1. Quick test for you: out of 112, 78, pick the one residue that is of a type in the set (S, T, N, Q), in contact with a Lys or Arg (Cβ under 7 Å, 6 or more places away or on another chain) and surrounded by fewer than 22 Cβ atoms within 10 Å (Cβ to Cβ).
2. Restricting to the range 41-63, name every residue that is over 18 Å from residue 233 (Cα atoms), touching a strand residue (DSSP E or B) at 6+ places or on another chain (Cβ under 8 Å) and at pLDDT below 95.
3. Which of the following residues is in contact (Cβ under 8 Å) with a residue 40 or more places away in the chain and closer than 25 Å to residue 129 by Cβ: 188, 196, 182?
4. At pLDDT below 95 and in contact with a Gly (Cβ under 8 Å, 6 or more places away or on another chain): does that describe residue 169?
5. Taking residue 184 as the residue in question, decide whether it is under 30 Å from residue 142 (Cα atoms) and not assigned by TED's automatic domain parsing to the domain that holds residue 50.
6. Specify the residue that is surrounded by the fewest Cβ atoms within 10 Å (Cβ to Cβ); the eligible residues are those in the range 4-55 that are among the hydrophobic types (A, V, I, L, M, F, W, C) and under 13 Å from residue 250 (Cβ atoms).
7. Could you tell me whether the range 214-228 includes any residue that is aliphatic (A, V, I, L, M), at pLDDT below 95 and farther than 20 Å from residue 150 by Cα?
8. Restricting to the range 170-183, and then to whatever is of a type outside the set (A, V, I, L, M) and surrounded by fewer than 15 Cβ atoms within 10 Å (Cβ to Cβ), can you tell me which residue is farthest from the chain's Cα centre (by Cα)?
Amino acid sequence: MHNHNTTLSPAIREKLGRIRHVALDMDGTIYLGSRLFPFTTGFLADLRAAGIGYSFLTNNPTRSVADYLKKLAGMGISATEDNMYTTSLAAIDYIRERYPSARRLFLLGTPSMVTQFEKAGFIACEDDPADVPDVLVVAFDPTLRYERLCRAAWWASQGVPYVATNPDRVCPTDQPTVLVDCGSLQKCIEHATGRCPDIVLGKPDPTMLQGIMHRHGLAPAEIAMVGDRIYTDTAMAHNAGAVGVLVLSGETTLETAEAVARDAAVNPHPAFYPPDLVVRDIRELGDWLLACR
């Protein structure tokens, strides 16, 4: 693991020199809450000038891609559909690949998410035992109604293929509340029915990164996954064989990163693999990427 106050080792320089695409976590990496970091637009401009592609990744499926693009545009970041990858898209790609004939879905998710699935050609099932879905999709849903959670549990108990969008137990917030996220809804359904999802997409599952690699024709060594969480962002990089970069501008402190590195040094099966590189923020990463080209 490289610590951000020294020069880079030749091995890390070589890794960074191969990077053709940067996958960016959003909250804690390019902005914090609704505040864009002052260095983000310059960093993205430098990537474009150097011919390095970038995508924005989020475990949060509540907004459609169109809504995310609107949020980014409001912050002064120009992005297209091609730059965005959400767990809703990962679920759509997964269902198309794994269940090519599936059309009807029972979707536990926001209206914005449902429009994303409908745009992809799927039909949203009603809360009705006669409206049998091909696949059950459980997502983070702040618009959740109790009877829809019960219907989702019913379809889980009936053996319908069951996909969850992300593993997060809670959604980060600066408000005095707990935002119960998709992982906790999965636990609720499991406690009621004994059934776990067939797959949990989102970070740290490598599906989203593999989707980006597939979309842009990239090898794992040519993509860097950049984020502020070791247990989702850099864990996904490790799971996909990509280069993992931890930024200290969000949730994870340097102390935590160093503890993970110490554990990995002595433990053959560490709880988390340390990132390849630890930087203060994406501005520092940008400087290293340009220096190593």
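1. On the way: 78 fails: in contact with a Lys or Arg (Cβ under 7 Å, 6 or more places away or on another chain).
Within the list 112, 78, the selection yields 112.
2. The answer is 63, and nothing else.
3. Working: 188 fails: in contact (Cβ under 8 Å) with a residue 40 or more places away in the chain; 196 fails: in contact (Cβ under 8 Å) with a residue 40 or more places away in the chain.
Answer to the selection: 182.
4. Values: at pLDDT below 95: yes; in contact with a Gly (Cβ under 8 Å, 6 or more places away or on another chain): yes.
So residue 169 passes the test.
5. yes
6. Kept after step one, since they are among the hydrophobic types (A, V, I, L, M, F, W, C), are these residues of the range 4-55: 8, 11-12, 16, 19, 22-24, 26, 30, 32, 36-37, 39, 43-45, 47, 49-50, 52.
Next, only the ones that are under 13 Å from residue 250 (Cβ atoms) stay: 24, 26, 30, 32, 37.
Details: 24: 25, 26: 21, 30: 27, 32: 17, 37: 20.
The qualifying residue surrounded by the fewest Cβ atoms within 10 Å (Cβ to Cβ) is 32.
7. no
8. Ranking the candidates gives 176 first.
The values are calculated or read from the model by the stated rules, or taken from the named source; none is laboratory data. In this text the structure is predicted, and so the values were computed from the model without any measurement. So basically every Cβ, Gly included, is an ideal-geometry build from the backbone, and we count neighbours across all protein chains shown.
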